[in-house]
Structure formats: structure tokens, C-alpha cells
Amino acid sequence: MKKYILFFTFIVLSFALPLNAQNNYKVGENLKFRVHYSGLNAGFATIDVKEATLNGKSHYHIVGKGNSTGAVRAFFKVDDNYESFIDKTDLKPTKFIRNVVEGSYKRHQIYYFDHANKKAKVENKRDGTTKTETIPYDAQDLLSAFYSLRNANHATLKTGDYLNENIFLGDETLKFRLKVLGRETLKTKFGKIAAIKIRPYVQSGRVFKESESVTMWISDDDNLVPLKIKAGLLVGSLNADLNEYKNLKYPITFTK
């Protein structure tokens, strides 16, 4: 389960679609997800949208946190913190903090993005090293990619569409591919809702059973809120569901 039991480390954070001219989220938004691993309550993950000033510019400060709980925590401890500072002028990340403890796997890194020069400086806080990596002009971090997804125009997404994104992960840039599978009505704890079903193509053999092992549902509205994810792992399965939400920019409609 190394570094994959926590919900927002999962694939949703690596999705991004073409942007609208406006943001589909706002400061004060909160999302909370419940995670299950092979039927066990594995923990929760929260993502909050805050506001910050960095380098004299106004930024969205996205904070993602997750912890394992109960029986799962007894044999696999997870305490994760991710923070992304997204420049409001171009919606690209300026700074990204990754401070994670996942069993024996531990990382504490800070990325500083220089998009104009296609570079990113990576500070490794645990060993005191610093390195500079080359990045593509459209590089995102895990959280900024997620909020890039949230700015998509849901009405233009069609079944069979393929979308791609570049995610910088500290020592490499991963190219992710996403396919729109279609639309359906999804049952949730809040009621039924129109949803878009999507599939990221993941690397098989290391964590996931197959390249098509992950399926995700997002709300078919301007919010594009993640609602549910199912993933088949080499050992066990992962399921996560939206458990709470607050201060969405647009009304979200659930029916009985």
C-alpha cells in the first residue's frame, strides 16, 4: 500500500482539463472525503481553498491533508500534508509543499516554480539538499492540477474525449492521460446526482492491477466536484467518496 492508501494522493490530483476564463471554485471551499481500503475505514482527506500573498502577488492557497485511522492506522500510519500556492493571474503553481509520512515512506519537499524559464527548484528538507529540474511550460503540481480540473467547461466534455496533463513530482514530470467514459446518475450519501464518469490511465504492475484500474465520477455541473473513486490495486482495493462539502461557488443539486 506504500504511499497510495490516502485519497488525495490518488489519481484525481493528477487530472487537468482545458480552463475556462473564470474559476469554478472560491476561497473558503472545503471538501472532505472518506476512504476505504478493502472494506476497512482507512481514513479521511480534506482539501481547503484559502488565500495568500506570495512574492507580492495574490494566490489561492490550497491545503490538502489526510490521515489513516482505525484498524488501518494500526499497521499503516498516514499523516500527509500538501500545500499549493496558485497564482491568480495565470492559475499556475508558484510553490508546492509536500510533507508526507506513509508507513516507512517519508518525504518533506518544497518546490519553487519558475515557469518563464521552465525550471523548478526542489528543496529536500529531510537531507538538506537542493536541486533544480527542467519542467514543461504547462507543469502543474498535484493540487494545482486538481483545481485546473475544477476550471473545466463540463458542457464541452464528450464521451471518448482524451485529455492530457503534465504533473511535476519533484524529480520527474509525469504525463497523464484521461478518458471521458460518459455520463450517468450516481447515488451518493447526499442523494442522486448527474455525474461524468472518467478514467485515468495509470501505470500497471507497481501499484495498480491494470492501466485501466481506476474509475472516477465528478459532478456534471460547474463545480466539477469529485464524488467517487474506485481503484483496483495489486493488493486490495481503494474506494473513496465525498463525505462533506462547504462553500461551493455554485449550487450543487442532489435529488432523492
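The values are calculated or read from the model by the stated rules, or taken from the named source; none is laboratory data. Not measured: the values here are computed from a predicted model. Cβ sites come from the backbone with ideal geometry, for glycine too, and all protein chains shown count toward neighbours. Ligands, DNA and RNA are excluded from the accessible area calculation, which covers all protein heavy atoms including side chains. Shrake-Rupley method; radii C 1.70, N 1.55, O 1.52, S 1.80 Å.
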Query - From the options Lys65, Lys50, residue that is modelled with pLDDT of 95 or more and touching a strand residue (DSSP E or B) at 6+ places or on another chain (Cβ under 9 Å) - result: Lys50
Report task. Select, from Gly170, Gly232, Gly160, the only residue that is among the small types (Gly, Ala, Ser) and modelled with pLDDT of 90 or more. Result -> Gly160
Query - Boolean, Thr188 is β-branched (Val, Ile, Thr), surrounded by 14 or more Cβ atoms within 10 Å (Cβ to Cβ) and modelled with pLDDT of 90 or more - result: yes
Requested in this report: Return the pairs, sorted by first residue and then second, in which the second residue is open to solvent by less than 100 Å² (accessible area, probe 1.4 Å) and hydroxyl-bearing (Ser, Thr, Tyr), the first residue lies in region 49-63 and is under 17 Å from Lys32 (Cα atoms), the beta carbons are less than 7 Å apart, and the residues are 6+ apart or on different chains.
Outcome: Val49/Tyr25; Val49/Tyr60; Ile62/Ser84; Ile62/Tyr147
Query - Candidate set: region 5-28, residues that are surrounded by 21 or more Cβ atoms within 10 Å (Cβ to Cβ) and not in a helix (DSSP H, G or I); chosen: the one modelled with the lowest pLDDT - result: Ile5
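Every residue, every condition in (1) of a type in the set (Lys, Arg); (2) in contact (Cβ under 8 Å) with a residue 60 or more places away in the chain; (3) more than 19 Å from Ile62 (Cα to Cα), yes or no:
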| position | (1), (2), (3) |
| --- | --- |
| Lys131 | yes, no, yes |
| Gln140 | no, yes, no |
| Leu143 | no, yes, no |
| Tyr147 | no, yes, no |
| Arg150 | yes, yes, no |
| Ala155 | no, no, yes |
| Gly170 | no, yes, no |
| Lys175 | yes, no, yes |
| Leu178 | no, yes, yes |
Query raised in the report: Restricting the search to region 127-160, which residues are open to solvent by 40 Å² or more (accessible area, probe 1.4 Å), of a type outside the set (Gly, Ala, Ser) and assigned to a loop (DSSP other than H, G, I, E, B)?
Result: Asp127, Tyr137, Asp138, Asn153, Lys158, Thr159
Report task. Please determine, by comparing only the residues of region 38-58 that are under 18 Å from the mean Cα position of the chain (by Cα) and of a type outside the set (D, E, K, R), which one is most open to solvent (accessible area, probe 1.4 Å). Result -> Phe44
Query raised in the report: What number of residues in region 90-122 are in a strand (DSSP E or B) and surrounded by 15 or more Cβ atoms within 10 Å (Cβ to Cβ)?
Result: 19
Requested in this report: Considering only region 146-179, state which residues are small (Gly, Ala, Ser), at negative phi and out of contact with any Leu (no Cβ under 6 Å at 6 or more places or on another chain).
Outcome: Ser148, Ala155
Report task. Please find, within region 200-211, the residue that is modelled with the lowest pLDDT out of those that are in a strand (DSSP E or B) and open to solvent by 50 Å² or more (accessible area, probe 1.4 Å). Result -> Ser204
